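Engineer: Would you mind keeping the following structure in view while I ask a few things?
The values are calculated or read from the model by the stated rules, or taken from the named source; none is laboratory data. Everything quoted here is computed from the prediction, not taken from an experiment. As a convention, Cβ positions derive from the backbone with ideal geometry for all residues, glycine included, and neighbour counts pool all protein chains shown.
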């Protein structure tokens, strides 16, 4: 899914990452991200490749409009994504 910016000149891919984890809210985060993907709103991506440092995968999302849904109050998703920004 691509979104036009206010200038109308660029297409920006939209991605969603879910901090699924073992918490009950993690399961809900995962379900929301999957629903967004199924609806065509965003491409769902895996936080694990960021944590693992897989450069080609990280580079593939750096220019996207990222949404991170954390499944617990520890902010694991946010902390993981801070590694690449």
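Engineer: State all residues of the stretch 55-77 that are within 20 Å of residue 34 (Cα to Cα), out of contact with any strand residue (DSSP E or B) (no Cβ under 6 Å at 6 or more places or on another chain) and at pLDDT below 90; if no residue qualifies, say none.
Structural biologist: 72, 75
Engineer: Could you run through the stretch 33-54 and say how many residues are surrounded by 15 or more Cβ atoms within 10 Å (Cβ to Cβ), in contact with a strand residue (DSSP E or B) (Cβ under 7 Å, 6 or more places away or on another chain) and part of a helix (DSSP H, G or I)?
Structural biologist: 4
Engineer: For residue 51, state whether it is under 17 Å from residue 83 (Cα atoms), touching a helix residue (DSSP H, G or I) at 6+ places or on another chain (Cβ under 8 Å) and at pLDDT below 90.
Structural biologist: So residue 51 fails the test.
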